[in-house]
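Contents: one structure, followed by commentary.
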Amino acid sequence: MTTTTDRIQPDQTGDVSNRVRIFDTTLRDGEQSPGCSMNLDEKLRVADALEEMGVDIIEAGFPIASNGDFDAVSAIAKRITKSTVAGLARANRKDIDRAWEALRHAARPRIHTFISTSPLHMKFKLQMEPDAVHERLIDAIAYARNLCDDVEWSPEDGTRTEHDFLCRCVESAIKAGATTINVPDTVGYTVPEEFAALISMLMNRVPNIDKAVISVHCHNDLGLAVANSLAAVRVGARQVECTVNGIGERAGNAAMEEIVMALKVRQDVLPFHTGIASEYITQTSHLVSTITGFQVQPNKAIVGANAFAHESGIHQDGMLKHAGTYEIMTPESVGLHKSTLVMGKHSGRHAFRSKLKEMGYELGENELEDAFHRFKDLADKKKDVYDEDIVALVDDQMLHANDRVRFVSLQVIAGSKGPQSAELELAVDGETKTTRATGSGPVDATFNAIKLLFPHSARLQLYQVHAVTEGTDAQAQVTVRLEEDGKTVNGQGADTDTLVASARAYIHALNKLLVKREKSALSAMSA
């Protein structure tokens, strides 16, 4: 049996006892948020970002859930070399086989299997007796361990499980071969003192607990996910399961950026460390926000737009005298830059390339040329070009790289007298098409024009506009959510013209639906 010390990489001093591993489940639990679906290319971009920032374990998906999830886990498993790649599976052999099939080519694969253990879940969800649940988990873990050396087990609804039964299950899980025991607060019910006591109880009562890494997975229904996770770390948990921006089902999960920075900033009371390069936090946060369409609230800790903003005169005075008066961490420590007004219409390619590299973007020559031309167009429209503008511009370009339907031009007539109309030009599979449509407003007219040029039955579920920076010349970042035959996709677009951004976002969502249509057709043919 592999020991805890064997699996955790020591720090520079050789110490392993205070190393906390970050298990990121943005691509699995995070993607389960309503309206938060990602396509394969988007998942690969997020996985690359997570690996680059030093995430220990990337939970890539739930392979049995759909062919799309299987393909994503398989592609990530083949691509990622430094991080462990995990796939989720229920406690049955069919799920585990499917997970292993997706993971088998990973440099560091992990099967993560689970079953509910609380009286409420066993009675109403599983309709199984405790002894049957106990036998099921033993069989599942032993079966998974024969396929993969790294097996994690979770007792779903662990914080509402009877202690005696939980101890019995954890002990048996470790005996069967589980190398990580994850204790989930599945419904966000517990509080820090109670959760710490639960973890301490397991460490004191389970005789073989030293043979596994103790992990925690906290949901945020009461706003306590981060606090509960940190409380567990203080008493012995050495893996935290979390998501970028705290996204996830219902109220979400423990926010990865908050866990990492709390451990980094409060070394006096939390003498633990992670392997995360925190300088990538802001970039990764923005990437996930852009792809999912879930905007980060301005007052969100660490990554919110106001996290390092000071408007109060008293605060500003203190900051001018010493930044430490009102900032407990530096903006640079999470990837923000003090100088944001350094690019303009006179900037050249070399300066633009250097700026992109400073912000974490490495583009090929063709991509760089396209981005530079869009930057120059933007600089002609805006007096000041901020870092956030460049991020929105590059992300928008990357999102639309493989679109079948492409935006060409838009002319809109709007105002109080009406009728509002839109003249739109699109390139559909390389063929240019033009039309004119009216609507109850300029956005409605624009979307009606898209439907005329590319007929479809998708229904608009969400239309959301977000200003990238301040000022009347700010770029608009628009999110559009479309639904067709039960399939939901998000599209994003950015431009200084809100209507152009809206058209780009709708067209992006439409292109993602086309990909889903093609995959569904291929699945039907193979069946």
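The values are calculated or read from the model by the stated rules, or taken from the named source; none is laboratory data. If you're wondering where the values come from, they're calculated on a predicted model, not measured in any experiment. Positions of Cβ are generated from backbone atoms using ideal geometry, with glycine treated the same way; all protein chains shown enter the neighbour counts.
The table below gives the values:
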| read-out | value |
| --- | --- |
| Those residues of the range 171-193 which are over 18 Å from residue 110 (Cα atoms) and hydrophobic (A, V, I, L, M, F, W, C), in sequence order | 187, 191 |
| Where residue 469 falls short, out of the listed (1) of a type in the set (Val, Ile, Thr); (2) surrounded by fewer than 21 Cβ atoms within 10 Å (Cβ to Cβ); (3) modelled with pLDDT of 90 or more; (4) not in a helix (DSSP H, G or I) | (3) |
| Candidates 184, 207 - the one that is in the same structural domain as residue 143 (by TED's automatic domain parsing) and in a strand (DSSP E or B) | 184 |
| Residues satisfying the stated conditions in the range 209-235, i.e. of a type in the set (Gly, Ala, Ser), in contact with a strand residue (DSSP E or B) (Cβ under 8 Å, 6 or more places away or on another chain) and within 17 Å of residue 260 (Cα to Cα) | 215, 225, 229, 232 |
| Residues within the range 87-109 that are in contact with a helix residue (DSSP H, G or I) (Cβ under 9 Å, 6 or more places away or on another chain) and either more than 22 Å from residue 30 (Cβ to Cβ) or in contact (Cβ under 8 Å) with a residue 60 or more places away in the chain (or both), tallied | 11 |
| Qualifying residue in the range 441-452 (condition: in contact with a Pro (Cβ under 9 Å, 6 or more places away or on another chain) and surrounded by fewer than 19 Cβ atoms within 10 Å (Cβ to Cβ)) | no |
| In the range 171-183, the residues that are buried (at least 24 other Cβ atoms within 10 Å of the Cβ) and either free of Cβ contacts under 8 Å to residues at least 40 places away in the same chain or of a type in the set (D, E, K, R) (or both) | 173, 178, 181 |
| Filter result for residue 314 (touching an Asp or Glu at 6+ places or on another chain (Cβ under 7 Å) and either at pLDDT 85 or above or aliphatic (A, V, I, L, M) (or both)) | no |
| Contacts under 6 angstrom Cβ, first residue in the range 43-56 being surrounded by fewer than 18 Cβ atoms within 10 Å (Cβ to Cβ), partner in a loop (DSSP other than H, G, I, E, B), 6 or more apart | 54/275; 54/276; 54/277 |
| Qualifying residue in the range 206-217 (condition: of a type outside the set (Asp, Glu) and under 22 Å from residue 294 (Cα atoms)) | yes |
| Failed condition for residue 363, given (1) buried (at least 20 other Cβ atoms within 10 Å of the Cβ); (2) closer than 21 Å to residue 282 by Cα; (3) of a type in the set (A, V, I, L, M) | (1) |
